[in-house]
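Q: Let me begin by handing over the structure; questions about it come next.
The values are calculated or read from the model by the stated rules, or taken from the named source; none is laboratory data. As the structure is a prediction and not an experimental result, all values here were calculated from the model. Because the Cβ atoms are built from the backbone with ideal geometry, glycine has one as well, and the counts that use them run over all protein chains shown.
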Amino acid sequence: MNGRWLAAPPAVLPAGLLPPRPPRRRVKVLHVITRLEAGAGGNTLVSALGMDPARYDVWIAAGGAGPLWERAHRAGIPSVRIAEFRREVSPARDAIALVRLIRLIRRERFAIVHLHEAKAGFLGRVAAALCGTPAVVVTLHGRDPWWRTTPETGTALRDLMPRGLWLYSALERLARPLTHSFVAVAPAVARDAVCARIAAPGRTDVAPSAVDLDNIPYDRDPSVRAELGIGARDRVVGMVGRLDRQKAPLDFVAMAAHVAALRPGTRFVVTGDGELAAQADRLARDLGVDVLFTGWRQDAARIASAFDVFVVSSLYEGVGRSVTEAMASGRPVVATSVDGVVDVVTHGATGLLAAPMDPEGLAAGVLWMLDHPDEAALMGKQARDLVRELFAPRRMCGVLDDIYSGLLGVAR
């Protein structure tokens, strides 16, 4: 639609020589996310920061706490904390969160409500519908356990969330007609969402999940290995992420045992924390493999710069912030072939792939990388070049600008 409108000719004089122009009407956008944290929270913040402030007035409403809130405040993004937003189902808290959303949307009269994550996605669509919001957009950050599994989607996830799947699935489908546009973070996620009847065919676009890559180190920091007690010539294999069932840290530990048996002296590092941290540590001791668990680190990207091979053992992943950051740093990546990961890790070109829940397959990829350092380095360089272009904030925000403009019939 926007292509049907011609651009205005240039002004005949500089703005300073003309009478003042009345303020331009900006499009008011509200991003709603369950928790402003981790990968989806970072993507949401970049979405808000990257839009043209002359054309968009962007707000954020969310639960949670952490450094992303501080960044939003410093950037001047109007932010509303909804403390009742939790990922777990709680009828009382969810009802309060819904009421607060309705009051906010009615008071500020947003033209677009843009939703992220399952809880905010459902409650936000209900609130927007009750308030008569002109346009509702939902970003799909990855496959959820209640999505219907098809032969193309990879790992069956229902055993990760055995109770209440029918309810989550029903609510997602109930909310689908309340959505004007779906945005997936990768082509595989878009396809899976349509096949699972979560997203509507013909109304689903792809916007690469932008990551702030400016502070991702490319060169190794020699102080990291000294700090961790690792020799400068040691081969290091590591992972970064939450230690939960999605990230499958137990598979990483099992992979480490296979590699250590064939390449003694290889060092293994796990950076992150979560519900499976203690179990992963016990498994490492039971298997007799030395794995260094650093816990959560604010400088996780710096720690990862010391890796010779970066491993992603996830059972499902939209694209994965750790994947894109590892690739942006030029680290050779061995990852599970799940969801949007396959759209960025091309086997033999930007990394190596293994089947999910297959520690031996991951080990085979790691061993190949260790035995072929020149080819591994070339894969790392090609991965770095790809993600620094594909996941640039300007690219994602350009897609969102097109979607917003198309929904509202606004000429750019």
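Q: Examine the range 395-410 for a residue that is of a type in the set (Gly, Ala, Ser), touching a residue at least 60 places away in the same chain (Cβ under 8 Å) and within 19 Å of ALA186 (Cβ to Cβ), and state whether such a residue exists.
A: For the range 395-410, residues of a type in the set (Gly, Ala, Ser), touching a residue at least 60 places away in the same chain (Cβ under 8 Å) and within 19 Å of ALA186 (Cβ to Cβ): absent.
Q: State all residues of the range 189-210 that are surrounded by 24 or more Cβ atoms within 10 Å (Cβ to Cβ) and either modelled with pLDDT under 85 or out of contact with any Leu (no Cβ under 9 Å at 6 or more places or on another chain) (or both); if no residue qualifies, say none.
A: Selection gives SER209, ALA210.
Q: Among the numbered criteria (1) under 17 Å from VAL333 (Cα atoms); (2) buried (at least 19 other Cβ atoms within 10 Å of the Cβ), which single criterion is violated by PRO373?
A: (2)
Q: Residues that are in contact with a Lys or Arg (Cβ under 9 Å, 6 or more places away or on another chain): which helices (runs of 4 or more DSSP H) entirely in the range 223-310 hold 2 or more of them?
A: Output list reads 300-304.
Q: Got a number for residues in the range 126-146 being more than 20 Å from the chain's Cα centre (by Cα), on the phi > 0 side of the Ramachandran plot and buried (at least 24 other Cβ atoms within 10 Å of the Cβ)?
A: Residues meeting the conditions: 0.
Q: Residues being modelled with pLDDT under 90 and closer than 19 Å to GLY340 by Cβ: count how many of those fall in the range 154-184.
A: Of the residues in the range 154-184, 6 are modelled with pLDDT under 90 and closer than 19 Å to GLY340 by Cβ.
Q: For the subset of the range 226-264 comprising residues that are surrounded by 20 or more Cβ atoms within 10 Å (Cβ to Cβ) and of a type in the set (D, E, K, R), which member is modelled with the highest pLDDT?
A: Checked the range 226-264; the qualifying residue modelled with the highest pLDDT is ASP251.
Q: Which of the residues spanning the range 346-384 are over 14 Å from ALA326 (Cβ atoms), part of a helix (DSSP H, G or I) and charged (D, E, K, R)?
A: GLU360, ASP371, ASP374, GLU375, listed by residue number.
Q: Restricting the search to the range 126-142, which residues are among the polar types (S, T, N, Q) and closer than 17 Å to ALA199 by Cα?
A: THR139
Q: Would you point out the residue of the range 211-225, among those that are of a type in the set (Val, Ile, Thr) and within 21 Å of the chain's Cα centre (by Cα), that is surrounded by the fewest Cβ atoms within 10 Å (Cβ to Cβ)?
A: The selected residue is ILE216.
Q: Follow-up question, since we're still on this one. Checking ASP234 against (1) in contact with a strand residue (DSSP E or B) (Cβ under 8 Å, 6 or more places away or on another chain); (2) not hydrophobic (A, V, I, L, M, F, W, C); (3) not assigned by TED's automatic domain parsing to the domain that holds ARG282, only one condition comes out false. Which one?
A: ASP234 satisfies all of (1) in contact with a strand residue (DSSP E or B) (Cβ under 8 Å, 6 or more places away or on another chain); (2) not hydrophobic (A, V, I, L, M, F, W, C); (3) not assigned by TED's automatic domain parsing to the domain that holds ARG282 except (3).
Q: Looking at (1) not in a helix (DSSP H, G or I); (2) not assigned by TED's automatic domain parsing to the domain that holds PHE252, which is the only condition ASP401 fails?
A: Unmet condition: (1).
Q: Which residues, counting only those in the range 1-39, are β-branched (Val, Ile, Thr) and under 21 Å from THR133 (Cβ atoms)? Please lay out each step first, then the result.
A: Taking the range 1-39 and keeping what is β-branched (Val, Ile, Thr), we get 12, 27, 29, 32-34.
Result: VAL27, VAL29, VAL32, ILE33, THR34.
Q: Could I ask something else about it? Out of (1) at pLDDT 90 or above; (2) within 18 Å of ASP219 (Cβ to Cβ), what's the single condition that is false for SER313?
A: (2)
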